[in-house]
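J.: Submitted below is the structure of interest, expressed as C-alpha cells.
The values are calculated or read from the model by the stated rules, or taken from the named source; none is laboratory data. What you see is a predicted model, and the numbers here were worked out from it, not measured in a lab. Backbone-built Cβ (ideal geometry, glycine too); neighbour counts: all protein chains shown. Calculation scope for accessible area: heavy atoms of the full protein, side chains included, ligands and nucleic acids excluded. Shrake-Rupley method; radii C 1.70, N 1.55, O 1.52, S 1.80 Å.
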Amino acid sequence: VQLQASGGGLVQAGGSLRLSCAASGITFSISAMAWYRQAPGKQRELVAGISSRGITNYLDSVKGRFTISRDNAKNTVYLQMNSLRPEDTAVYSCNANMGLRSYWGQGTLVTVSS
C-alpha cells in the first residue's frame, strides 16, 4: 500500500495550495480518505475527511477555506486550501480508512508566511 502526498510548499498568507494524495494497493473507491496535519509541538488533528460516497467533514477552523475532493478514477484525494493562514503551517498527511485497516502516507510540509 502506498499513499503518495504532494503539493506542499511555502506560500504567503492569503495564498492557496492544492495537496494531492495518490493511492495504490487499496480499493480506493470504498475507502474513506482524510487529511490530517501536525504542527510543531502540537497533536495531530483531522483537517478534512471524505467518505466513499463523497460525504465530507471539516475541522471548524478550515471550513469555508479548504475543500476535500476525490477522483476515484485516479485513486487520488485532493485538499484545496485557500486563504491560508500562518496557523495552517504543518505537515499534512493523508489517511485511507477501510474499516479494519488504516493506512498513512508520508507527510508534505505546508509553510504559510505572514
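J.: In percent, what relative contact order does the chain have, based on Cα pairs under 8 Å that are 6 or more apart in sequence?
T.: It rounds to 36 percent for the chain.
J.: Which residue fluctuates most in the GNM of the chain (Cα springs below 10 Å): Arg37, Arg53, Arg18?
T.: Ranking Arg37, Arg53, Arg18 by mean-square fluctuation puts Arg53 first.
J.: Any idea of Ser6's accessible area? Nearest 10 Å², probe 1.4 Å.
T.: 60
J.: Between Leu59, Leu84, Leu19, where does the largest GNM mean-square fluctuation fall for the chain, given springs only between Cα atoms within less than 10 Å?
T.: Greatest mean-square fluctuation among the candidates belongs to Leu59.
J.: Okay, next question. Would you kindly find the accessible area of Cys21, with a 1.4 Å probe and non-protein molecules such as ligands, DNA and RNA excluded, rounding to the nearest 10 Å²?
T.: Its heavy atoms expose roughly 0 Å² to the probe.
J.: Beyond 23 Å, what percent of the Cα pairs of the chain remain?
T.: Of the Cα pairs, 21 percent sit more than 23 Å apart.
J.: Amide H neighbours of Met98 under 5 Å, counting only residues 5+ apart in sequence or on other chains, H built in-plane at 1.01 Å?
T.: Amide H neighbours of Met98, under 5 Å, 5+ apart: Tyr103.
J.: At what distance in angstrom do the alpha carbon centres of the range 72-109 and the range 35-58 lie from each other?
T.: Using only Cα atoms to place each centre, the spacing works out to 7 Å.
J.: Under the Karplus relation 6.51 cos²θ - 1.76 cosθ + 1.60, θ = phi - 60°, what is the ordered set of whole-Hz ³J(HN,Hα) values for the range 5-22, x standing for Gly and Pro?
T.: Values per residue, Gly and Pro as x: 8, 8, x, x, x, 9, 9, 7, 3, x, x, 10, 9, 10, 8, 10, 9, 9 Hz.
J.: Test of understanding: extend the Cα→C-beta vector of Lys74 to 7 Å, then name every residue of the range 2-23 with backbone N under 19 Å from that spot.
T.: Only 2-9, 16-23 fall inside the zone, counting backbone N under 19 Å.
J.: With θ taken as phi - 60° and the coefficients 6.51, -1.76 and 1.60, list the Karplus ³J(HN,Hα) couplings across the range 51-60 in order, rounded to whole Hz; mark glycine and proline as x.
T.: Each residue of the range 51-60 in turn: 7, 5, 9, x, 6, 10, 9, 9, 4, 3 Hz.
J.: Right, here's the next one. Karplus couplings for the range 75-92 from phi (6.51 cos²θ - 1.76 cosθ + 1.60, θ = phi - 60°), rounded to Hz, Gly and Pro as x?
T.: Karplus-based 3J(HN,Hα) across the range 75-92 equals 6, 9, 10, 10, 9, 8, 10, 10, 6, 5, 10, x, 6, 7, 4, 4, 8, 9 Hz.
J.: Amide H of Gly15: which non-local residues (sequence gap of 5 or more, or other chain) have their own amide H closer than 5 Å, using H built in the peptide plane?
T.: Leu84
J.: Sort Ser113, Ser16 from largest to smallest accessible area, using a 1.4 Å probe on the heavy atoms of the protein chains.
T.: The most accessible residue leads, giving Ser16, Ser113.
J.: Checking the a/c ratio against 1.5 first, then a/b against b/c, what shape does the Cα gyration tensor give for the range 60-100?
T.: Cα axes put the range 60-100 in the prolate bin.
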